[in-house]
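Read the structure below first, then the notes.
Values quoted throughout were computed directly from the atomic coordinates according to the rules given, and no laboratory measurement underlies them. All figures in this text were calculated on a predicted structure; none of them were measured in a lab. All Cβ positions, even for glycine, are placed from backbone atoms using ideal geometry, and neighbour counts span all protein chains on display.
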Amino acid sequence: MKVYNTLTKQKEEFIPLEEGKVKMYVCGPTVYNLIHIGNARPMIVFDTVRRYMEYKGYEVNYVSNFTDVDDKIIAKANEEGVSADEISTRYIAECKKDMADMNVKPATTHPLATQEIDGMIAMISTLEEKGYAYHVNGTVYFRTRKFDEYGKLSHKNLDDLRSGNRSLKVTGEEQKEDPLDFVLWKPKKEGEPSWPSPWGDGRPGWHIECSVMSKKYLGEEIDIHAGGEDLVFPHHENEIAQSECCNGKIFARYWLHNAFLNIDNKKMSKSLGNFFTVRDIAAKYDLQVLRLFMLSAHYRSPLNFSDVLMESAKSSLERICTAVDSLKDILAGTTVENMTEDEKKSQNEVDAFVAKYQEAMEDDFNTADAISVIFELVKYANTNTNADSSKEFVQKLLDTIVNLSDILGLIVNKKTENLDEEVESLIEARQMARKNRDFAKADEIRDTLLAMGIELKDTREGVKWKRI
Ligand code: AMP
Ligand code: ZN
């Protein structure tokens, strides 16, 4: 499996630190509002990376934080006249709901920055002891000049950055030794959440959070660290500096970054105000459509949001679901059990689709090509099955389409799941009617089910049903 590593700027063979296991950290959102669909891109993309790794048999330890202490959270709390904690708790719950609706699996651990302050103080203390940090008036800074490899992820020319940043010295940060030095701990301001520390009451800088949470839940060395491309500099560059100087080990082996979701070719962001929340989209579409839309482009290519593309994703999803439904219909109707000789030969063609799909995913998770393979398979299934196909062959096609979609987190056999639930609840209602000796009602429910194509059979083991 090849993955593009921002650190080396090339595709590399993925070799995990520990055989059969993947340790993966994805920077999560700052929780002060409903998430927008730009934030959803890394969630969907890296959930898909995780699902593919799991499909390959890896045990994935997936950690993704919530940044629950931040200027924006405090500003929102002041605006509403509530505590910062109330804001972050509310939006973590909302974010988890959006994630579930987008079929993004919950992380193995979702740490919260505010619960990890002790670890942050410990890491900052170690950095200070080793000479990588210094404090001035209650603020602790990281000494970037002491880390020779500073800049290795973003491939930036530090001299250019230093001269470009000289103006910072004029804007009140003259206490820094170097314009590129960044904050590890900042002193308390009135009305803001704070914690006691060796440098006085205050709160952590943003970058230290991820170094600490990654170390605590995954260890000092991890396989994959991921996030949106805006995080490469300074966030991830600073995480590398903190972790590698503290632990004396390579922090993460592979750095994966998704490109932006744009709108009118501009980055979708809260500050520009050009965003749609996941909730806005959910009011109009099943979020599976959003998921298919996101994965229809390679994760390292910019993706422009548009109604046209969403409508096209909607009809694409319907095409897969319709094929799945018709395979199910054939399965329910056919009397042929085992594969015919011709179908046995066709099996190789189905296997070839799976191989082609894997080839796409092995090439730095090319979900766009993987989706094309699903469509080829759907077309193949539509033209190569009919009412006389064998159960065995149809089941194989059905399982293959459902499984390949599932790796992308796409639920394509939903209709029947819903139908099953509906049937079960009608059967329950009928049982209740019979118990109450309301036989007219019970018969009425039986007829309703019949009209839905469901036949009931009362047996000694209870009520059985089948599609007719
Ligand atoms: P934030 O809450 O701004 O820290 O963002 C959380 C995650 O969403 C980070 O990985 C960002 O890089 C990512 N992100 C934010 N906006 C976009 C966008 N328009 N396109 C893609 N990723 C984004
Ligand atoms: Zn982070």
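Taking all pairs of distinct Cα atoms, average 1/r, flip it, and tell me the Kirkwood hydrodynamic radius of region 251-399 in Å to one decimal place.
For region 251-399, the Kirkwood estimate is 17.8 Å.
Counting Lys and Arg as +1 and Asp and Glu as -1, each charge on the Cβ, what is the dipole of the chain about the Cα centre in debye, to the nearest 20?
320 debye
Rounded to the nearest 5, what % of DSSP beta bridges with both residues in the chain are antiparallel?
Beta bridges within the chain, antiparallel portion: roughly 55 percent.
How high is the relative contact order of region 421-467, given as a whole-number percent (alpha carbon pairs under 8 Å, six or more residues apart)?
Relative contact order here is 26 percent.
If you take every residue apart from L127 with its C-beta less than 10 Å away from the C-beta of L127, what net charge results, scoring Lys and Arg +1 and Asp and Glu -1?
+1
In the structure displayed, which of K2/K391; K72/K249; K56/K216 lie more than 31 Å apart, Cα to Cα?
Checking Cα-Cα distances, K2/K391; K72/K249 exceed 31 Å.
Check each of the trypsin sites (Lys or Arg not before Pro) in region 1-36 and keep only those in coil by DSSP with at most 15 other C-beta atoms within 10 angstrom; list them in order.
Answer in residue order: K9.
Check each of the GluC sites (Glu not before Pro) in region 279-363 and keep only those in coil by DSSP with at most 15 other C-beta atoms within 10 angstrom; list them in order.
E337
Mean separation of Cα pairs under 8 Å and 6+ residues apart, divided by the residue count of region 195-262: what relative contact order is that in percent?
38 percent
Quick one: give the max-minus-min coordinate of the C-alpha atoms of region 421-467 along each principal axis, largest first, in Å.
27, 23, 16
Any chance you could get the radius of gyration and Dmax over the Cα atoms of region 2-258, in Å?
18.3, 54
Within a Cβ distance under 13 Å of E13, other residues only, what is the Lys/Arg minus Asp/Glu net charge?
Residues near E13 contribute -2 overall.
Given contacts defined as C-alpha pairs under 8 Å and at least six residues apart, what's the relative contact order of the chain, whole-number percent?
16 percent
Would you kindly work out the equivalent ellipsoid of region 17-159 from its C-alpha gyration tensor and give its semi-axes, the square roots of five times the eigenvalues, largest first in whole Å?
Rounded to whole Å, the semi-axes are 29, 25, 15.
Rounded to the nearest 500 deg cm²/dmol, what is the calculated helix-only ellipticity per residue at 222 nm for the chain, with -39500 (n - 2.57) per DSSP H run of length n ≥ 4?
So the calculated ellipticity at 222 nm is -16000 deg cm²/dmol.
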